[in-house]
Every structure is written in structure tokens, then in C-alpha cells.
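Structure first, then comments.
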Amino acid sequence: MKKLLPAVLLGLMTTSAVRAQDAEIIRVNQVAFYPQQDKIAVVDNGGKKVTLNVRDAQSGKVVAKAKYLRTSLSPWSGKRRVVMDFSSLSKPGRYVLECKGQKMPIEIKEHALTELTQGAIKSYYLNRSGMPIEAQYAGLWARPLGHADTHVMVHPSAASPGRPAGTIISSPYGWYDAGDFNKYIVNSAYSVSLMLSAYEQNKAYFDRLKVDIPEATNQTSDLLDELMYNLKWMLTMQDPYDGGVYHKLTTPFFEGMVMPAACQQQRYVVQKSVTASFDFAAVMAQAARIYKGSKDYPDFAEKAERAALAAYHWAEEHPQALYSQNDMNARFDPDVTTGEYGDSYAADEQFWAATELYLLTEDPFFRETAGRLQSEQFLLPAWGGVAALGTLAWLGCPDDELGKASREQLLDYCKKQVAMLPTSGFNTPSGNAAKDFAWGCLAEAFCVNGIVLMYGYLLTGDKQYLAAAQQNMDYILGRNATGYCYVTGFGTKSPMHPHHRLSIADGIEAPMPGMLVGGPNPGQQDREASHLTYPSSQPDESYIDDAGSYASNEIAINWTAALVALAGWIDASF
């Protein structure tokens, strides 16, 4: 196997970055298995029964033979594949799967997803805005300060009596959102909330998890330290004169494929929106509850609660302040053409915000509002559909009618997901319908679905939900139609060319590690603009490892947030 630049996560891990091009028919988790978990491989060989041996990596001795489970049929391509089970092997160690002369290395170990979780959290440090990224923490990926954001201009769309157009404000900190260098409140709130919720359910695990970042020597969980870096930025995005929250901090148009220090465009805060304000209110209320009593951030909880209440009341008073970039550009200059995060419906954001503010303040006003807005059906959360974040928060109130309804909705959803496993193509609850494959599907269909299943496990103790969540993780880590481990820097075949300006412009062969790419997207919205030739149009194969592929190979903070939450929660469960 050809060796590439090692994917060493800055002293945290030594996962190999070997291209497994001689093992294309064996699809399996390329990172690690827990000794006691189900261990499934899929052989992409036309559906013919085969022998799949497991050999000890050192001695070469056959230590197990995988058991044939079934032949699966792709509903789109018609491809037949064989699903094999080698769960009988539980001894920690390094092994090699061997089938028809092809080989794939695997590992069984305790804390199988610890390094992956650490690496995913560390990727946020590497994507920080407004500070130099230091070699002692970042290794190869060190870089000078870019986007200090201490000279940000108020766009005419965002003007208020206290801050007229052209006012210069300071809005430092935060993470670059995705492949670009801008910062967006809607996506930040959603991303932070996913990780805060995982922390809240697994405090002991995350409190002891070490990530090599500058704040690691304080008394706070490294995950909470990293989230605070973005929460501090979010607080600067509130207009102190009226409580409204700017939709985003952005340049007028996307920067080229250059490093942050080379960027020259003026940066702006643009229009205050109802969705950004409700999302901000929700995550600030959630954070105020979780950081309360923090010795490292003693003033934050009170400040966050005040900010949340002000943002909520502004949003209530401005229900029509929905963000439409085209409408904004028709009225104000300069035009802005960066990511929109537009949303024409804000009831789900209000439900989530009212829920979190009730949990923080116990004010019956927020309970009444949440009760009025609660959805009758559970849908997976996403940045543009956040009702489920409120539903999941209500699970902590089992005696409240909203908590009871939330539990019923969630468990009904989980039962339906588990029922899909026996007939699925890759033995997963997700990925069994064409609609599961779209922009960001690895997070929004696979990781988030897994997180919901972990809530099912939390509520019932039924290990079928934990096992199903693990199957989705195995899919992300290599047991899928393309054979990629979709997390940069991990596995034997992982993305080398994500659509990510830092990884494109830094001159380093390997991409920044720990980031989840969007994944198969049959929409292929970038095909013509980026002159791409996708290897397949099938829903689960419509992926290309090309830096021009923003539709299948971009990274984003919300996608990696879902990875942090799922991987960490699974790891905490063993």
C-alpha cells in the first residue's frame, strides 16, 4: 500500500493515512472497533458468497472467519453486496481482513473513538478566526493571525439609531464556518448546541477528554473551552441598543483560495434577522445553564442570560425580519453574495428558544409559548429546522406534558429506524432512501440520526439503539458505497482534497485533520461550475474527492459538530 503524509493529529494520535486501493471490495470501519460491539463488513463483489478471513496483523495467522449474514441489493444501482459479521472476534489488537486476495487493516481496542473525537474537536481550534494558530498546538497547520475582526463595518442593512451604517465595531473570535472565511450566527448556534447537548448528557466523559488547545490547562472541559471561543464571538453580534442579532459577519463575496492573512476585503455585519435572534437566544440560554458556576468564565452565565432575553424579545417584535439576501441586495449596497442561511419560517426557532429560556428561567411565559409551538411529529434537526433541538431538550423534563410528548415522538422515531437494519444495503438505519443523500448528508442523515438513537438509548437503556447508532458511525468511517472514511486524516482511505480554503492554500499535502465532509450528493450542484466529472450518479456513490466539489466535499462546523456529538457519546457509552 502506498504511504502518504502521515495523518498525525498534532501529538494526539497516529492513525495511518494509507490508501487502501488494493482492498476496494472490502468496506469496513477503518478507524477502530470496540471489543464488544457488532463488527460488520460489506463485500462489494456482486453478491456472491465469499470467504472473509481475519488474520492477526503480526503473525498472519487466521484468527476468525466472518459469518455470512445476507446479500443486500441497492435500490438504485441494482448492485448486490454481501454483508458479513465478524463480531465473534473481540480481542484488542490489529488485524487484517482478507477476501479474494485483497486486504484491509482493522483495529479492535478500548476507547475506539476517543482519538476521532479529540481530532474532531481539535479541528475547531485549527479553524479559529482572529488569532495566530500556534505550532505548539497545530504542528504543520500553524498560521499567522488572520481576520482579527476588530474593524468590522455595519452594513446599511444592519443600521440602527445606535449604530448607523458605516459604524466600525469589534467582533473577534469565532470559527470559520465552512470552506469559506465568514461567520454565521444561524449555523454557529446550531453547531454549538449539538455539542453542548452531547456534553450535558456525558459530562464525566468530556470533562476528562484532553484536547491540546491553549486553554487546556484551566479547570474547564476542553470541549467547553473550545465552544466558548465561538460563544464569545456570538455575543459581539448582538446590537446592544435593541437586542437584535446580526445574521452574519461576512465579506461582500467569497475570498479566493488564499490564506486568511492574505484576505483584503472589508468585512461587515449584515441585517438582523428573526431566525438568527431566536437561534442566538436559544443557545445562549442553553450555554448559560451549562456554564453556570464556571470558575474560568464566572461572568458568562449572567451575561448570556441577559443577551438571550434581549434577543428573544427583539425577535418577537420583528417576526417579519426574515433574511433574504436577494431582497437585501435590492435595497442596500454593497451586494453580499456569500452563504445565505436563509429561512422563511421561524416558528421552529421560536419553539427552541422558548424551550431553552424556560429551562433556564422557569418563566411560565416561555412554557406557554413552547407548548403552543411544539411540533406533532419528530423530524431530524438541521440548521434550518431546529424544532427537534427543543424536543430533545424537553426530554429532561419527564413529568411535564411536553417532556412526555417529546419522549413518545422520539421513541416512535427510533423504533422505525432500527427496523430498517435487516434490509439495508450497508446494515445501517440511515441511507435506505434516496432522500437520505443530499448536501451534508453524512451529518444530517447519518450523524444526527445516530445522535437521536443515542437519546433513545439514554431513555430506555435498550442497546439496540446504541448498536444502530454505531452502524451509522461505521458507515461514515468506511463501510459505505465509496469505501471512503469521510473524516479527514483518519482511516486508510480518507478525503485528501476537501473544499476548504485553509487546506487548499496552506501548501501542505494533507488536509487539516478531523473534519467531516458533506458526502454523497446526487444533486451535484457543483458539477458544471467546477468542471467536475463525478464517478457515479447513484445517490450513495455521488461523491468526488476534489477541492472544487463544494456539493460533496466541503466541510462545515455543523457537520463536524454532529460528528463530535455522536462519536463522543458512543465513546462515553463504553
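Things worth noting here:
- For the residues A301, A330, A354, the requirement of being of a type in the set (G, A, S), under 16 Å from Y190 (Cα atoms) and not in a loop (DSSP other than H, G, I, E, B) singles out A354.
- Qualifying positions in segment 358-411 - of a type in the set (S, T, Y) and within 27 Å of the chain's Cα centre (by Cα): Y358, S375, T391, S406
- Residue check, L235 within 19 Å of K183 (Cα to Cα), open to solvent by 30 Å² or more (accessible area, probe 1.4 Å), assigned to a helix (DSSP H, G or I) and not charged (D, E, K, R): yes
- M153 assigned to a strand (DSSP E or B) and closer than 30 Å to L249 by Cβ: yes
- Filtered residues of segment 134-145 (kept if under 18 Å from K232 (Cβ atoms) and crowded, with 22+ Cβ neighbours inside 10 Å): none
- Scanning segment 485-508 for residues that are touching a strand residue (DSSP E or B) at 6+ places or on another chain (Cβ under 9 Å), assigned to a loop (DSSP other than H, G, I, E, B) and buried (at least 24 other Cβ atoms within 10 Å of the Cβ) turns up Y486, T488, S494, P495, P498, H500.
- Test: residue in segment 157-170 that is of a type outside the set (A, V, I, L, M, F, W, C), crowded, with 21+ Cβ neighbours inside 10 Å and not in a helix (DSSP H, G or I): no
- Scanning segment 412-462 for residues that are polar (S, T, N, Q), under 21 Å from the mean Cα position of the chain (by Cα) and assigned to a helix (DSSP H, G or I) turns up Q417, N449.
- Count of segment 513-522 residues, restricted to those that are within 20 Å of A565 (Cβ to Cβ) and assigned to a loop (DSSP other than H, G, I, E, B), is 5.
- Checked against the criterion of being buried (at least 21 other Cβ atoms within 10 Å of the Cβ), among the aliphatic types (A, V, I, L, M) and farther than 22 Å from L466 by Cα, the candidates A387, A393 yield just one match: A387.
- Output for segment 359-368, where each listed residue is out of contact with any Asp or Glu (no Cβ under 9 Å at 6 or more places or on another chain) and either surrounded by 17 or more Cβ atoms within 10 Å (Cβ to Cβ) or at pLDDT below 95 (or both): L359
- Restricting attention to segment 238-269 and to residues that are touching a Pro at 6+ places or on another chain (Cβ under 8 Å) and within 15 Å of A159 (Cα to Cα), the residue that is surrounded by the most Cβ atoms within 10 Å (Cβ to Cβ) turns out to be Y268.
- Qualifying residue in segment 210-228 (condition: more than 26 Å from T488 (Cα to Cα) and assigned to a helix (DSSP H, G or I)): no
- Single residue of segment 552-574 satisfying the filter (part of a loop (DSSP other than H, G, I, E, B) and open to solvent by 10 Å² or more (accessible area, probe 1.4 Å)) that is modelled with the lowest pLDDT: F574
- Every residue from segment 85-114 that is under 29 Å from the mean Cα position of the chain (by Cα), in a strand (DSSP E or B) and of a type outside the set (K, R): D85, M104, P105, I106, E107, I108
- Residues located in segment 35-68, provided they are under 30 Å from D540 (Cα atoms), open to solvent by 40 Å² or more (accessible area, probe 1.4 Å) and assigned to a loop (DSSP other than H, G, I, E, B): Q36, D38, G46, K48, K49, T51
Conditions tested, residue by residue: (1) on the phi < 0 side of the Ramachandran plot; (2) of a type outside the set (A, V, I, L, M).
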residue	(1), (2)
A510	yes, no
G519	no, yes
G523	yes, yes
E528	yes, yes
P535	yes, yes
G548	yes, yes
W559	yes, yes
V564	yes, no
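- The residues on offer are D400, D462, D474, and the sole one that is among the acidic types (D, E), open to solvent by less than 50 Å² (accessible area, probe 1.4 Å) and touching a helix residue (DSSP H, G or I) at 6+ places or on another chain (Cβ under 8 Å) is D400.
- Among the residues making up segment 250-285, those that are within 17 Å of Y173 (Cα to Cα) and in contact with a Phe, Trp or Tyr (Cβ under 7 Å, 6 or more places away or on another chain) are T250, P260, C263, V269.
- Against the conditions (1) open to solvent by 40 Å² or more (accessible area, probe 1.4 Å); (2) among the hydrophobic types (A, V, I, L, M, F, W, C); (3) closer than 19 Å to A315 by Cα, A354 satisfies every one except (1).
- In the set E340, E349, only one residue is crowded, with 23+ Cβ neighbours inside 10 Å, within 22 Å of I557 (Cα to Cα) and not basic (K, R); that residue is E349.
- Among the candidates R479, R527, residue that is under 30 Å from N202 (Cα atoms), at pLDDT 95 or above and either in a loop (DSSP other than H, G, I, E, B) or among the acidic types (D, E) (or both): R479
- Among the residues listed as A405, A443, A433, the single one being crowded, with 21+ Cβ neighbours inside 10 Å and of a type in the set (G, A, S): A443
- In the set (1) within 19 Å of the chain's Cα centre (by Cα); (2) not in a loop (DSSP other than H, G, I, E, B), A204 fails one condition alone, (1).
- Cβ pairs under 6 Å, 6+ apart, first in segment 517-532 and surrounded by fewer than 13 Cβ atoms within 10 Å (Cβ to Cβ), second in a loop (DSSP other than H, G, I, E, B): none
Matching residues to (1) among the polar types (S, T, N, Q); (2) under 15 Å from the mean Cα position of the chain (by Cα); (3) closer than 18 Å to Y124 by Cα:
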position	(1), (2), (3)
S494	yes, no, no
G507	no, no, no
M515	no, yes, yes
S537	yes, no, no
Y550	no, no, no
A556	no, yes, yes
A567	no, yes, yes
D571	no, no, no
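- Comparison of V18, V31 shows that the only residue that is at pLDDT 50 or above and among the hydrophobic types (A, V, I, L, M, F, W, C) is V31.
The values are calculated or read from the model by the stated rules, or taken from the named source; none is laboratory data. All figures in this text were calculated on a predicted structure; none of them were measured in a lab. Virtual Cβ from ideal backbone geometry, glycine too; neighbours counted across all protein chains shown. Please note that ligands, DNA and RNA were not included when accessible areas were found on the heavy atoms of the full protein model with its side chains. Shrake-Rupley method; radii C 1.70, N 1.55, O 1.52, S 1.80 Å.
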